Every structure is written in C-alpha cells, then in structure tokens.
Amino acid sequence: MKFATKAIHAGISPDPSTGAIMTPIFQTSTYVQESPGVHKGYEYARTQNPTRHVLQENIAALENGKFGFCFSTGMGAIDAIVKTLKPGDEVISTNDLYGGTYRLFTKVFQQYGIRFHFTDLSNSANLTALLNDKTRMLWIETPTNPMLNIVDIEVLANIAHNYSPNINVVVDNTFATPYLQNPLNLGANTVTHSATKYLGGHSDVVLGVVVCNDAALAEKLGFIQNSTGATPGPFDCFLVLRGIKTLHIRMEAHCKNAAEIANFLASHKAVKKVNYPGFASHPMHAVAAKQMRGFGGMVSFSLKEDSIQAANKVLSATHLFSLAESLGGVESLIGHPATMTHASIPLEERLKTGVTDSLIRLSVGIEDVSDLIEDLARALG
Ligand SMILES: *Cc1c(COP(=O)(O)O)cnc(C)c1O
C-alpha cells in the first residue's frame, strides 16, 4: 500500500462485533475471561487495549516497521527507549535536541549510571571521536528545534553500525513525520514521535510512539511499556488514529505554506536570517533533499534588531499566529525560544546554538497562506 492508503487503512478493519467502520474507543479497564486464562487476547487495559492496538499497527506500517508501541506522551516513549539500557551504557546524542529529552537524559537517567555525550552530529567526525565499547545508543533529531538543522541519518547509522552492530540508532522523527522521512529505511533501528504534534495534528491530545524492526528490542519495549505503565488512554489513541487519516494532505499543506512564508520572510527588511531546510542556501539542504520528501512546516527567523523587546513586538502583534508552545497542529503558532522553550538553557549555551534573543519560531498551519503572510507583514511593520 502507498502512504495515503496506509494512513487510512493499515491495521484498521471494521469492528467484528458491530461492523463499526471506525475503530471504537474501548473505554474499559478489564475484559471478561471465559475461564482462567481463556480470553480473546485482552486481559487488562494497561497490558492490552484494542484501540491502542490498532494505533500501534497503523503507526508501525507508516514507518515501515514491524512493531509499534504507544505511550501516554512523547516523553513517555523516549523514557521507555532509554530504559532498554543498563548502568554503564553510553549514549551519543545530538547537542541541539528537544529540551525535554535533554532534561530526561541529564536530570533523570544520568543519576542511574547511564552516560550521555552531546555533540554536533552535522559533522560525522564528532560521532567517530566519541564511539567506544560502551556506546549502546545513538540519538538523532532531524530537523532540529528551533534551528532546523539537518543531519544525515544514513551516514551516521552506517558509522555507528560499522563500529558495532549493537548500537541502537534512534531517530526522533517528530518534526518530519513518516510522510516526509522514514528513518528505518535509512538504517536507523528505532523511530520515536511525539504524536502530540503532526500525527495528532489538531492540538487536542498528547501521546508518544515507538517503532522498531528488531524482535528482541520489541520484546524489551513491550515489557517496559507494560511494567512501567505509561500507556495512553483509548480516547487519546482514537484521536491520534483520526489525526493520522489526514496526515498526508495536512503535511502537503504545511510544507507548501511554510515554503511561501520562508520566502516572504527572507525578503523582508526587518528580518536578518531565516532557518528553513528548503532553501538551497541552507548548509544541509542537499541532505534534507536526499532523506526527506518535503521540507516540513517549521520555520524560524531572527530580526535585524536582535533584542527580546523587538521579538516581543512581533510576538504580540500577530492575530492568526497564536503565541503558544507546541507545534504541528492545523492552526499556526508563533513562539519565542529564548523566553519559552529554551529559557532554562544558560545564555552562553543558547547563543552558541544560534538561539539569539530575537529568534522567532513558527509552526506554520494550513490556513490560507495569504492571510498568514498578511498577519506576519503587519506584525513585522
Ligand atoms: C514535543 C516533543 C517531544 C515530547 O513529546 P510530548 O508529547 O510533549 O511528551 C519530544 N521530541 C520532540 C522533537 C518534540 O517536539
């Protein structure tokens, strides 16, 4: 099946008890057994839920993977992946990763004896320099937040696996979505998503997913999912299943609108620099064009007047772009990394990664792009 067909049909069949064409919300905590141990495959809802099962099958198919797992949030999914490691194991990670992931690695897991290295993975020599016999995981994010940096998944996965086939190459595919990028096809072992973003797509649910191909890894993930219990409720699974049915048409619209807005911003006299992997001038444009089927819906830009005040003026003047954290919904959002998502990062570190005082991040929605451009033009003055 092609992507659009999979989005609507993979793992989904009419409910056998009623014929309901859409997957029902199985709002139950337990299931009646005929006699002890004799049941229909469902015993208790932390362990199995039919609505969740369908979502897991669906997302695995979209990522071209064999095994899918859902968690109550994106962080719950990432937490489960790290829990496949043991004390003494080492992780090499990109240095501009999602703030919540950085916090989980350094403030939760480091104290249990797992060691994390953070480096600029756009230069593969940095990966080679850190690989050692304790390395068990490579953590990749591409495109990154909020600088829209791109790293070459295939090149990095090859380097890691040539060093040791035991390294789990993980890609957080939240920004690209399976419609634009399939890390498992590029050599990654594991893919994770905050389905809160584009997969759900309507800013009405938080949920996380993990997909992999290796049966031993899947067994571990399933064990952790059931043992630690960060599973999503059936209504949340239903919302994400509903969102995914339109992922392909939403992503086309996000990509188209973001490209037009990036071009508008690049030609505006108040704008200093636009970060958008679709520009030929983006330092990793060729890699983005190779591993992605579109450049996504995220754009960030800095102002010529590089101050928090100048950014605030723009942030408080838009009407259609709502000032909020998160991304990936049908509606356009505007955010200020320096005071919002990246406020806890020391100034010097923040400036080093390009998150300057005036940097503004847009999650471009699927409204009419001329209205969105008019909104930005008015706010920029
Ligand atoms: C939002 C996000 C997460 C965390 O997901 P939650 O659903 O908020 O827990 C992880 N990675 C990336 C790239 C994200 O944008």
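The values are calculated or read from the model by the stated rules, or taken from the named source; none is laboratory data. Worth saying up front: this structure is predicted, and the values here are computed from it rather than measured. Methodologically, a virtual Cβ is constructed for each residue, glycine included, from the backbone with ideal geometry; neighbour enumeration extends over all protein chains shown. For accessibility, only protein heavy atoms count, side chains too; no ligands or nucleic acids. Shrake-Rupley method; radii C 1.70, N 1.55, O 1.52, S 1.80 Å.
For segment 130-158, enumerate the residues that are of a type in the set (A, V, I, L, M) and buried (at least 18 other Cβ atoms within 10 Å of the Cβ).
Within segment 130-158, 131, 137, 138, 140, 148, 150, 151, 153, 156, 157 qualify.
How many residues are open to solvent by 10 Å² or more (accessible area, probe 1.4 Å) and on the phi < 0 side of the Ramachandran plot if we restrict to segment 82-96?
Count: 9.
Residues are listed down the side, and each one gets a yes or a no for (1) within 19 Å of residue 293 (Cα to Cα); (2) not in a loop (DSSP other than H, G, I, E, B):
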{"residue": "170", "(1), (2)": "no, yes"}
{"residue": "174", "(1), (2)": "yes, no"}
{"residue": "185", "(1), (2)": "yes, yes"}
{"residue": "211", "(1), (2)": "no, yes"}
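Hey, can you tell me all the residues within segment 82-105 that are over 18 Å from residue 206 (Cα atoms), within 16 Å of the ligand (Cβ to nearest atom) and either of a type in the set (D, E, K, R) or at pLDDT 95 or above (or both)?
Residues satisfying the conditions are 82, 83, 91, 93, 96, 103, 105.
Looking at (1) closer than 27 Å to residue 290 by Cβ; (2) crowded, with 24+ Cβ neighbours inside 10 Å, which one does residue 200 not meet, given that it meets all the others?
Failed condition: (1).
Of the conditions (1) more than 30 Å from residue 240 (Cα to Cα); (2) under 24 Å from the mean Cα position of the chain (by Cα); (3) surrounded by fewer than 19 Cβ atoms within 10 Å (Cβ to Cβ), residue 322 clears all except one; give me its number.
Unmet for residue 322, out of (1) more than 30 Å from residue 240 (Cα to Cα); (2) under 24 Å from the mean Cα position of the chain (by Cα); (3) surrounded by fewer than 19 Cβ atoms within 10 Å (Cβ to Cβ): (1).
Among all residue pairs at least 6 apart or on different chains, which show Cβ distances below 6 Å where the first residue, located in segment 164-180, is over 16 Å from residue 97 (Cα atoms) and more than 14 Å from the ligand (Cβ to nearest atom) and the second is among the β-branched types (Val, Ile, Thr) and part of a strand (DSSP E or B)?
167/135; 168/190
Residues 77, 4: which one is in a helix (DSSP H, G or I), in contact (Cβ under 8 Å) with a residue 40 or more places away in the chain and open to solvent by less than 30 Å² (accessible area, probe 1.4 Å)?
77
Can you go through 239, 265, 217 and tell me which one is open to solvent by less than 10 Å² (accessible area, probe 1.4 Å) and either aliphatic (A, V, I, L, M) or more than 19 Å from the chain's Cα centre (by Cα) (or both)?
265
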